[in-house]
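Before any comments, here is the structure.
The values are calculated or read from the model by the stated rules, or taken from the named source; none is laboratory data. Remember, it's a predicted structure, so these values are computed and weren't measured experimentally. Positions of Cβ are generated from backbone atoms using ideal geometry, with glycine treated the same way; all protein chains shown enter the neighbour counts.
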Amino acid sequence: MHLRTMLVISCLTTTAASAQIGQVEPAGSIQNSGSSLDFGGTPADGVPQHPMLGGTVLGNSVACIAADKIRKTEIVSDKIIMFQAGAQWYRNDLYQRCIGLKSDAALINAAPGGKLCAGNSFRFNTAQGKGGGSCVYARFTPYLPPTSAAGNVK
């Protein structure tokens with residue numbers, strides 16, 4: 001076998017293995033329970049990591065959560081919002097970035113049927129009281145925040 005042929009086979013094998021290992025589920029549709037999530041800022045990109053990131057997925061995502069059970073909401077970024085419903089935390093990786101959404105914003109939800117569901121839109125007001133944009137929820141993933149973060153959320 002020629003060196004060039006071996007190199008091509010080696011590259012194809014490496015690429016195929018990388019594709020299997022690096023497969024990413026669409027945001028909000030995480031299927032693997034027990035996997036660790038730490039999307040978002042990391043020291044490598046110069047952005048401090050939010051304390052709620054780096055937790056564990058506890059099961060398959062669900063389409064809706066009961067609005068009247070929500071005790072806490074933590075806006076992690078313009079793409080990730082955490083909800084505590086009862087004792088359970090849920091992570092929502094919005095379908096798209098929600099431009100202007102910051103941790104001090106107030107979410108304004110219309111909850112048809114008393115539920116927040118994937119595909120529902122929400123609005124937000126900034127800390128200055130100005131109206132923000134309209135954004136869309138994805139599926140809600142049961143989530144266990146890192147121990148250090150769970151008790152320190154607003």
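Observations on the model:
- Some residue of the stretch 97-112 being under 15 Å from V57 (Cα atoms) and crowded, with 16+ Cβ neighbours inside 10 Å: no
- Residue ID - modelled with the lowest pLDDT, chosen from residues in the stretch 115-154 that are part of a loop (DSSP other than H, G, I, E, B) and exposed (fewer than 14 other Cβ atoms within 10 Å of the Cβ): K154
- Condition met for G59 (in a loop (DSSP other than H, G, I, E, B) and at pLDDT 90 or above): yes
- Residue selected from the stretch 49-96 under the condition of a type in the set (K, R) and under 13 Å from the mean Cα position of the chain (by Cα), by the criterion surrounded by the most Cβ atoms within 10 Å (Cβ to Cβ): R91
- Flag if L53 is modelled with pLDDT of 85 or more, assigned to a loop (DSSP other than H, G, I, E, B) and either among the β-branched types (V, I, T) or more than 22 Å from G133 (Cα to Cα) (or both): yes
- When residues of the stretch 62-104 are limited to those that are among the aromatic types (F, W, Y) and in a strand (DSSP E or B), the one nearest to S134 (Cα to Cα): F83
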